[in-house]
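Working notes for the structure below.
The values are calculated or read from the model by the stated rules, or taken from the named source; none is laboratory data. Values in this document were obtained by computation on a predicted structure and should not be read as measured data. FYI the Cβ positions are ideal-geometry reconstructions off the backbone, even for glycines, and counts take in every protein chain you see.
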């Protein structure tokens, strides 16, 4: 696994758009299938460029088949100034769905645990044709190993119930179910305590 750079922006935006095309939350926010992939690529591009890539904690494969977008302790919540700076790009990506998407993000972020300090897995995705080959586990490994070495917990929200078993294999446990506003689907908050070395 390698740390992604700005040069990987287009490839990773496309890979994540492919991975999340049928995601329940993304399908609920971006309901028109014909424009969803394009909008998802733009949305992930904004997240990567505006928040995750500058942190230098985005892991990918040599072939850019997927990505794990991690935020280190204290950086999980995207600062309001960053959101404002990238708001035109976010609205461009989301179109008329922008208000629902931003209120959903605000709702989920409001439930994010404040303490103790922890790593946050904002996004994990693998291209459809690479799923089931261990890529997701490999993408998680560098930061989970670091969490164990530094005795640091980790947190995520799973937008697919079917992914909970995958995350459990890596030490995460469900801490709650978060119904999204406007009658949206649920996401599941998951916490991982560090494993003894």
### Query
Taking into account only those residues within region 84-99 that are surrounded by fewer than 17 Cβ atoms within 10 Å (Cβ to Cβ) and either touching a residue at least 12 places away in the same chain (Cβ under 8 Å) or touching a helix residue (DSSP H, G or I) at 6+ places or on another chain (Cβ under 8 Å) (or both), which is nearest to residue 48 (Cα to Cα)?
89
### Query
Looking at region 166-197, which of the residues that are more than 30 Å from residue 97 (Cβ to Cβ) and modelled with pLDDT of 95 or more is surrounded by the fewest Cβ atoms within 10 Å (Cβ to Cβ)?
169
### Query
Does region 100-120 include one or more residues that are in contact (Cβ under 8 Å) with a residue 24 or more places away in the chain, under 16 Å from the mean Cα position of the chain (by Cα) and more than 22 Å from residue 25 (Cα to Cα)?
yes
### Query
Out of all the residues in region 126-134, is one or more assigned to a strand (DSSP E or B) and either modelled with pLDDT under 95 or under 29 Å from residue 82 (Cβ atoms) (or both)?
yes
### Query
In region 30-46, how many residues are within 11 Å of residue 97 (Cα to Cα) and loosely packed, with under 15 Cβ neighbours inside 10 Å?
2
### Query
Taking into account only those residues within region 104-118 that are surrounded by 14 or more Cβ atoms within 10 Å (Cβ to Cβ) and in a helix (DSSP H, G or I), which is modelled with the lowest pLDDT?
105
### Task
Output yes when any residue across region 159-166 is in contact with a strand residue (DSSP E or B) (Cβ under 6 Å, 6 or more places away or on another chain) and closer than 27 Å to residue 4 by Cα, and no when none is.
yes
